[in-house]
Amino acid sequence: MTRVRLTAKERGEEVLRAAVQAFAASGYEGTKTDEIARMAGVSQPYVIRLFGTKQQLFLAAVDSVCRRIEEIFREAADESPELSALGRNYKALLDEPELLLVLLHGFSASGDPAIGDCVRQRFGSIYALVRELTGASPQQAREFLSAGMLLTVMSAMQVIGPNAIPAKWAQEIEDTLGN
């Protein structure tokens, strides 16, 4: 069987996907670049050559996750430019729980100045995008993002989403969101 040779860009995308999985599972501090390299099927020096440092790789993972969230919101707005449409698509993020976990790990690691700057900028971009796509007021956007953060935390606790451990209280909360 002939092995297909990937371009550097394709290999970088594979490494980034592996990084999202690894950072979702272990967080910034708990993830090692050699673990990401193993997951991607490359050497640890190659990971460093592509991304520089673990911090730069984490920042790339956070950026990738936020771009995916924005993509999901844009898809919803294409169908209907309303907060409720974005809310329905936010639930699609529950099918990609690693995205939400990386976002939470980004918040947690925001004490690091470079990570904090990135996470604040990206979250601000998501807020601005929600307002732009829907015409939501600042209060409406805050309420929307508050509900989204609640879903994110509940997903991390695994009480909603594909691997949910059923909990009556979680179902009651989810039912109140009405999306």
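Assorted remarks:
- Computed E for Gln121/Ala167 - FRET, C-beta separation, R0 41 angstrom, nearest 0.05: 0.75
- Highest mean first, the peptides 104-111, 160-167 sorted by other C-beta atoms within 10 Å per residue fall in the order 104-111, 160-167.
- Here Met157 and Ala128 are evaluated by their C-beta separation; at R0 = 35 Å the FRET efficiency comes out at 0.80.
- Placing a label point 7 Å from the Cα of Asp112 along the Cα-to-Cβ direction, the residues of segment 40-57 whose backbone N falls under 13 Å of that point are 52-57.
- Modelled label positions at Gln55 and Gln139, each set 7 Å beyond Cα in the direction of Cβ, lie 4.1 nm from each other.
- The chain, accessible surface, carbon-and-sulfur percent (1.4 angstrom probe): 52
- Ranked by the mean number of other Cβ atoms within 10 Å of their residues, highest first, the peptides 14-25, 128-139 fall in the order 14-25, 128-139.
- When peptides 40-48, 62-70 are sorted by average Cβ neighbour count within 10 Å, with the highest value leading, the order is 62-70, 40-48.
- Accessible surface, segment 23-179, averaged per residue in Å² (probe 1.4 Å): 50
- Residues Phe144, Phe58 ordered from highest to lowest accessible area at a 1.4 Å probe: Phe144, Phe58.
The values are calculated or read from the model by the stated rules, or taken from the named source; none is laboratory data. These numbers come from a predicted model, not from an experiment. Methodologically, a virtual Cβ is constructed for each residue, glycine included, from the backbone with ideal geometry; neighbour enumeration extends over all protein chains shown. Keep in mind that these areas ignore ligands, DNA and RNA; they rest on the heavy atoms of the full protein, side chains included. Shrake-Rupley method; radii C 1.70, N 1.55, O 1.52, S 1.80 Å.
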